[in-house]
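Notes follow once the structure below has been shown.
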Amino acid sequence: MITPQLTHFCDLEVELGPVRELGQGRAGARRIIPIVGGRVTGQVSGKVLDMGADWQTILADGSADIDTRYAFGTDDGAVIEIINKGVRHGPPDVLQALARGEDIDPALYYFRTAARLETGDPRYDWVNNTLFVGTGRRLASAVLVSLFRVG
């Protein structure tokens, strides 16, 4: 079997709108965090579009089940959709500091995602058949995500 190799694809700075609390759901506290803009740099560059959201479930231990769907426009005119699912967990005091909007060293908590990208632009058709994994960092009003192509 082949051991998958990771190749850096891009970094996303995803700007967030105000959190909308939905209340307690079956699995935990539900909330929606609008995605309102941002930047993409790396093998592609462009802007995160003001369309999308992170539909989160906060579990009893404070960890977050992340389910995002949004898109970015490349500087050369393509539109690429991102469906990114993941988890963020760590020590209770670190998660509480993140919830307060404090800038916490990402080495102190676990924030990983699995992403699928899709586009109709033939120049980027290869992303339709590629898996990506990501590492993340939560800031007060943004999320930083580095996506890596799984080869």
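The set of residues from segment 106-142 being surrounded by fewer than 18 Cβ atoms within 10 Å (Cβ to Cβ), within 14 Å of V87 (Cβ to Cβ) and among the aromatic types (F, W, Y) comprises just one member, Y110.
Scanning segment 14-28 for residues that are part of a strand (DSSP E or B) and surrounded by fewer than 16 Cβ atoms within 10 Å (Cβ to Cβ) yields a count of 5.
From the residues in segment 52-77 that are small (G, A, S) and touching a Lys or Arg at 6+ places or on another chain (Cβ under 6 Å), which one is surrounded by the most Cβ atoms within 10 Å (Cβ to Cβ)?
Start the filter on segment 52-77 by keeping residues that are small (G, A, S), which leaves 52-53, 60, 62-64, 71, 73, 77.
Add one more test, that the residue is touching a Lys or Arg at 6+ places or on another chain (Cβ under 6 Å), and what stays is 52, 64, 73.
On the way: G52: 20, A64: 23, G73: 15.
Applying the filter and picking the extreme gives A64.
Of the set (1) loosely packed, with under 15 Cβ neighbours inside 10 Å; (2) closer than 20 Å to F148 by Cβ; (3) free of Cβ contacts under 8 Å to residues at least 40 places away in the same chain, all apply to T7 but (3). Among the conditions (1) within 19 Å of L49 (Cβ to Cβ); (2) in contact (Cβ under 8 Å) with a residue 24 or more places away in the chain, N128 misses just one, which is (2). With respect to the conditions (1) of a type in the set (V, I, T); (2) closer than 16 Å to E118 by Cβ; (3) assigned to a strand (DSSP E or B), V44 falls short on a single one, namely (3).
Rule-based calculations on the coordinates, nothing more; no lab input. Since the structure is predicted, the reported quantities are computational estimates derived from the model, not experimental observations. Reconstructed Cβ throughout: ideal geometry from the backbone, glycine too, with neighbour counts over all protein chains shown.
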